[in-house]
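Visitor: Sharing a structure below in structure tokens format, with a few things to ask.
The values are calculated or read from the model by the stated rules, or taken from the named source; none is laboratory data. As the structure is a computational prediction, the values presented were derived from the model and not from experiment. Glycine also receives a Cβ, built like all others from the backbone with ideal geometry; neighbour counts cover every protein chain displayed. For the accessible areas, the whole protein counts, side chains as well, though only heavy atoms, and no ligand, DNA or RNA atoms are used. Shrake-Rupley method; radii C 1.70, N 1.55, O 1.52, S 1.80 Å.
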Amino acid sequence: MALICVIETLIQGNNECVKTIGGIRKSYGINWEDITNKEVTITAGAISGITPTGANLFAILEYDDDNTASYNQSTTRTGNDARVTQTATLKFTGVDSAKVITANKAKGVRKGLWIHIMNDGTILSQGVEFNVDGTKGIPSTVGAKVNPNVNSNTGEAASDITYNIEATSTDMIPVSMTESALDALSDAS
């Protein structure tokens with residue numbers, strides 16, 4: 001199924017009773033090198049299946065429960081070419097050697113696939129785009145990279161490590177898999 005270019009009706013009033021709180025509450029990350037054939041299954045425009053290679057699994061990131069984590073996708077256009085800048089910000093309170101070592105390892109992954117669960121239950125991807133005919137998901141144009149920061153903050157605020165994950169893609173792709181299906185593909189299973 002190739003990407004269909006059409007404007008469809010979208011009426012916000014139909015969503016009046018839907019939970020719309022912002023922010024994200026949980027993320028899953030894996031190196032594209034650890035995904036079979038470096039592609040994921042797409043069904044009806046959403047990621048519907050991911051097969052890690054061998055014993056490789058998604059890492060789970062559960063960050064501060066203070067609604068400071070965010071994931072944003074912003075589209076810019078040059079002529080007819082559209083690019084989606086994808087940025088996730090994840091904060092982990094407290095700085096210690098183990099967190100710094102973990103952050104150093106994460107920054108070495110240059111093409112990551114990230115799945116983010118929004119507070120409203122929506123599941124979105126980062127670091128993936130459609131292949132030519134829209135039947136598979138492949139690594140994004142500019143791979144998702146973790147840029148970690150160690151923040152001492154002030155005497156009034158706790159120190160933290162913040163992951164800023166940045167990618168550039170040609171597409172925004174939701175995920176139709178459930179959280180339990182993603183957990184089954186993670187190192188917490």
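Visitor: So, of the residues in the range 5-44 that are of a type in the set (Gly, Ala, Ser) and modelled with pLDDT under 95, which turns out to be least open to solvent (accessible area, probe 1.4 Å)?
Guide: Within the range 5-44, the match that is least open to solvent (accessible area, probe 1.4 Å) is GLY23.
Visitor: Would you check if there is a residue in the range 131-140 being touching a Ser or Thr at 6+ places or on another chain (Cβ under 6 Å) and open to solvent by less than 70 Å² (accessible area, probe 1.4 Å)? I'd like the intermediate steps shown before the answer.
Guide: Kept after step one, since they are touching a Ser or Thr at 6+ places or on another chain (Cβ under 6 Å), are these residues of the range 131-140: 140.
Keeping just the survivors that are open to solvent by less than 70 Å² (accessible area, probe 1.4 Å) gives 140.
Checked the range 131-140: at least one residue is touching a Ser or Thr at 6+ places or on another chain (Cβ under 6 Å) and open to solvent by less than 70 Å² (accessible area, probe 1.4 Å).
Visitor: Taking LYS111 as the residue in question, decide whether it is in contact with a Pro (Cβ under 8 Å, 6 or more places away or on another chain), among the basic types (Lys, Arg) and open to solvent by 60 Å² or more (accessible area, probe 1.4 Å). Full working, then the answer.
Guide: Details: in contact with a Pro (Cβ under 8 Å, 6 or more places away or on another chain): yes; among the basic types (Lys, Arg): yes; open to solvent by 60 Å² or more (accessible area, probe 1.4 Å): yes.
The answer is yes for LYS111.
Visitor: Identify, from the list LYS136, LYS145, the residue that is in contact with a strand residue (DSSP E or B) (Cβ under 8 Å, 6 or more places away or on another chain), under 21 Å from VAL100 (Cβ atoms) and touching a residue at least 24 places away in the same chain (Cβ under 8 Å).
Guide: LYS145
Visitor: Now for a different question. Can you confirm whether ASP187 is over 26 Å from GLY22 (Cβ atoms) and either touching a helix residue (DSSP H, G or I) at 6+ places or on another chain (Cβ under 6 Å) or not aliphatic (A, V, I, L, M) (or both)?
Guide: When the stated conditions are applied, ASP187 passes them.
Visitor: Let me ask you something else. Could you tell me which residue of the range 152-163 is farthest from GLU33 (Cα to Cα), considering only residues that are surrounded by 14 or more Cβ atoms within 10 Å (Cβ to Cβ) and not hydroxyl-bearing (Ser, Thr, Tyr)?
Guide: Checking each candidate, the answer is ASP160.
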